[in-house]
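The structure appears right after this line, and notes come after that.
The values are calculated or read from the model by the stated rules, or taken from the named source; none is laboratory data. Model, not experiment: these values are computed from the prediction. All Cβ positions, glycine included, derive from the backbone under ideal geometry; neighbour counts span all protein chains shown. Ligands, DNA and RNA are excluded from the accessible area calculation, which covers all protein heavy atoms including side chains. Shrake-Rupley method; radii C 1.70, N 1.55, O 1.52, S 1.80 Å.
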Amino acid sequence: QVELVESGGGLVQAGDSLKLSCSAPGGIFSSSTMGWFRQAPGKEREFVASVSRSHFECYADFVKGRFTISRDNGKSTVNLRMNTVTTEDTAVYYCAASKQPLSILEQEYEYWGQGTQVTVSS
């Protein structure tokens with residue numbers, strides 16, 4: 001069983017910053033595109049950002065300029081820096097790994113974490 005473990009979620013106020021982290025087994029991490037998805041209450045899970053093995057980044061339009069994804073290949077960790085959060089960013093955030101070179105599609109991610117809750121208060 002491949003285990004991706006997210007951390008860094010919590011309760012913050014609108015306008016604050018937050019950093020999520022996700023660790024993965026080294027063998028999976030080094031060969032995968034890493035992505036972040038989120039699911040808000042009553043909504044479907046949606047793509048947030050992804051970073052390829054060569055550090056090429058891709059973002060959903062609604063987070064461009066506010067969120068930054070990065071990966072540390074030495075630590076097998078992917079981070080999501082979230083700046084200027086709004087109440088619309090409240091969701092469970094999931095880390096995922098894909099064998100595709102770069103993907104925004106949920107169905108192309110083979111491994112998933114359990115998720116970390118981010119709640120933004122107004």
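The table below gives the values:
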| quantity | calculated |
| --- | --- |
| Length gained when the stretch residue 100-residue 121 is fully extended (0.36 nm per residue, less Cα-Cα span) | 4.0 nm |
| Kirkwood-type radius of the range 19-122, with distances r between different C-alpha atoms, in Å | 13.5 Å |
| Computed E for residue 31/residue 81 - FRET, C-beta separation, R0 30 angstrom, nearest 0.05 | 0.80 |
| Protection-proxy order for peptides 53-64, 110-121, 89-100, each taking the mean of Cβ atoms within 10 Å per residue, highest first | 89-100, 110-121, 53-64 |
| Förster radius 25 Å - calculated FRET efficiency between residue 108 and residue 60 (Cβ-Cβ, nearest 0.05) | 0.95 |
| Centre separation in Å (Cα based) which lies between the range 98-120 and the range 1-76 | 8 Å |
| Over the range 1-80 - Rg/Rh using Cα atoms and the Kirkwood inverse-distance radius | 0.96 |
| Accessible area of the range 1-118 belonging to carbon and sulfur atoms, whole % at 1.4 Å probe | 47 percent |
